[in-house]
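Shown next, in structure tokens, is the structure this report addresses.
The values are calculated or read from the model by the stated rules, or taken from the named source; none is laboratory data. Computed from a prediction, not measured in an experiment: that's the story for all the values here. Reconstructed Cβ throughout: ideal geometry from the backbone, glycine too, with neighbour counts over all protein chains shown.
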Amino acid sequence: MNPIPPAWKTKPDILIVDDTPANLQVLSGLLRDRGYKVRPAPSGKLALQAARNVPPDLVLLDVKMPDMDGYEVCRQLKADLQLREIPVIFISAMSETLDKIQAFGAGGVDYVTKPFQIEEVEARVRTHLTLHWLQQKQEAQNARLEELVHARTRQLAESNARLAVLDQAKSDFLRLISHELRTPLSGVLGLAELAFRECGDQPTANKLRGMFEQSRQRIITLLEDAMLLTEIELTGAAGLEACPLSTVLQVSLDQAAALADARGVRLPPPLPALPLVQGRKKLLSRALQSLLETAIKFSHQGRALQLNASADDDTVRLTLEATGRSIPPQLMSVFFDVLAVRDSITPGGDLGLAPAVAERVVASFGGSLTVENLDPPGIRLGINLKTAGAEPS
């Protein structure tokens, strides 16, 4: 019966080294009958030459041989980078413990004492061939995994390079808006002011003046938001301080009052006795104002915004709710991205950079923002801020 496992696919090639012809003939015949490919070698030198010409899968090696004993043959096999992984089984009449220790020290994987039983020899051959095959398979898998890791690393490096280019382009774009457009826009807006003055108190001019003021304010807000985003992108929010959240929130409510009045939306009352949070007062006030104005744009006329707060040792959470409009599902995941919400999805027009400004500011303080739709239609903004002295996450 052929004992070769199907996974091996081909007959294992065994190199048998023994200076006694009779031993070579008997052992070679017995292993051939069991399905192995056998190559006999009557000396150590011939065995090394045969192994270098065609590396075998396993070596059966006698110890006592003239000119070059089995220990030296094994040492030379293990010194060869192409042959060092081939398993070597010693077969010898010497049965002393020191002989076996020397065999293992030379690099052998097993030791069979003469006279041997073919069943024992075949069992040990089969075991070490299987181990060797499994080792080769594992090494091949490791090599494939390493190739995959290298390929994935290259892909990630290329993706990071593309992202860096896009990020730089975004920063350049914001810098262009905030710096390069300010001067020419000042001239355009100034000329428009002079033109309206020349028109006097004409009804048509008054109507157009209102449209002009609304557009002028949107342009100024966009420029200021772009400049703030650029500053945060380039320098972060260094110099954090303990901010009185109740005071900062009151400032933000006051700043958002004009838009709320224009849209007929009632602002929530102030929240007293809020803890200190880490941040910078001016930036935090700007972020909260942006979120209030965003909520106002999602609110129906005549409705009131709802503002609540909760706190633990590390975090203060504000929830701001507006009733009226919901965010389209396809925009939920990019709501806080720069220029992601380009369309007018609220009665108050497009959101501009307000959500992105708020998210960047709060994130630079170690906090986070969330947004979700409500039923009946509306939105809930979650503002998570670190209390002053809290450990960074």
Take the residues in segment 272-300 that are in contact (Cβ under 8 Å) with a residue 40 or more places away in the chain and in a loop (DSSP other than H, G, I, E, B); name whichever of them is farthest from the chain's Cα centre (by Cα). His300
From the list Asn384, Asn373, which one is under 25 Å from the mean Cα position of the chain (by Cα) and at pLDDT 90 or above? Asn384
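Can you tell which of Leu271, Leu240, Leu253 is in contact with a Gly (Cβ under 7 Å, 6 or more places away or on another chain), of a type in the set (A, V, I, L, M) and farther than 18 Å from Val371 by Cα?
Numbers: Leu271 fails: in contact with a Gly (Cβ under 7 Å, 6 or more places away or on another chain); Leu253 fails: in contact with a Gly (Cβ under 7 Å, 6 or more places away or on another chain).
It is Leu240.
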Pair list, Cβ under 7 Å, 6 or more apart: segment 252-265 residue among the charged types (D, E, K, R), other residue not in a helix (DSSP H, G or I): Arg263/Gln301; Arg263/Gly348
Enumerate the pairs (first residue in segment 11-26 and without any contact (Cβ under 8 Å) to a residue 24 or more places away in the chain; second residue anywhere and part of a helix (DSSP H, G or I)) with beta-carbon separation below 9 Å, excluding pairs fewer than 6 apart on the same chain, so at least 6 apart or on different chains. Val26/Ile118
Being closer than 30 Å to Ile14 by Cα, exposed (fewer than 12 other Cβ atoms within 10 Å of the Cβ) and modelled with pLDDT of 70 or more: is that true of Glu139 here? yes
Look at segment 27-70 and say how many of its residues are in contact with a strand residue (DSSP E or B) (Cβ under 6 Å, 6 or more places away or on another chain), touching a residue at least 60 places away in the same chain (Cβ under 8 Å) and hydrophobic (A, V, I, L, M, F, W, C). 4
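Looking at segment 86-103 only, could you name the residues that are more than 19 Å from Gln135 (Cα to Cα), free of Cβ contacts under 8 Å to residues at least 40 places away in the same chain and surrounded by 14 or more Cβ atoms within 10 Å (Cβ to Cβ)? Before the answer, list the steps.
Step one: of segment 86-103, the residues more than 19 Å from Gln135 (Cα to Cα) are 90-103.
Filter once more, keeping what is free of Cβ contacts under 8 Å to residues at least 40 places away in the same chain: 90, 92-102.
Within segment 86-103, Phe90, Ser92, Met94, Asp99, Lys100, Gln102 meet the criteria.
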Is there any pair with a first residue in segment 108-119 that is in the same structural domain as Val59 (by TED's automatic domain parsing) and a second that is surrounded by 14 or more Cβ atoms within 10 Å (Cβ to Cβ) and small (Gly, Ala, Ser) whose Cβ atoms are under 6 Å apart and which are 6 or more apart or on different chains, and what are they? Tyr111/Ala103
Considering segment 277-308 alone, what residues qualify as being surrounded by 18 or more Cβ atoms within 10 Å (Cβ to Cβ) and over 20 Å from Ser326 (Cβ atoms)? Val277, Gln278, Gly279, Arg280, Leu283, Leu284, Ser285, Arg286, Ala287, Leu288, Gln289
